[in-house]
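In what follows, a single structure is set out as structure tokens and then discussed.
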Amino acid sequence: MLINIDDFFDFNSHEPINRISYKEEDVKYKLKYMKAMQDLGMTIYIDDAR
């Protein structure tokens with residue numbers, strides 16, 4: 001399975017990508033990215049950053 005980078009970024013848009021940490025848009029993006037990595041067989045670890 002290959003991942004297409006276009007699934008994660010809109011290169012045709014001239015709008016900046018702003019994702020403030022821990023906001024809903026940021027969380028949705030991270031979950032999408034983690035799911036794609038898991039689909040490739042990778043194991044995801046999330047540290048206890050504070």
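The values are calculated or read from the model by the stated rules, or taken from the named source; none is laboratory data. It should be emphasised that the depicted structure is a prediction, and the values quoted were computed from it without experimental measurement. With ideal geometry, Cβ positions are generated from the backbone for all residues, glycine too; neighbour counts draw on all protein chains shown.
In the stretch 28-50, of all residues being under 13 Å from the mean Cα position of the chain (by Cα) and among the aromatic types (Phe, Trp, Tyr), the one that is nearest to Ile17 (Cα to Cα) corresponds to Tyr29. Of all residues in the stretch 20-38, those being surrounded by 13 or more Cβ atoms within 10 Å (Cβ to Cβ) and of a type in the set (D, E, K, R) number 2.
Among the residues of the stretch 1-45, those that are modelled with pLDDT of 85 or more, of a type in the set (A, V, I, L, M, F, W, C) and in a loop (DSSP other than H, G, I, E, B) comprise Leu40, Met42, Ile44.
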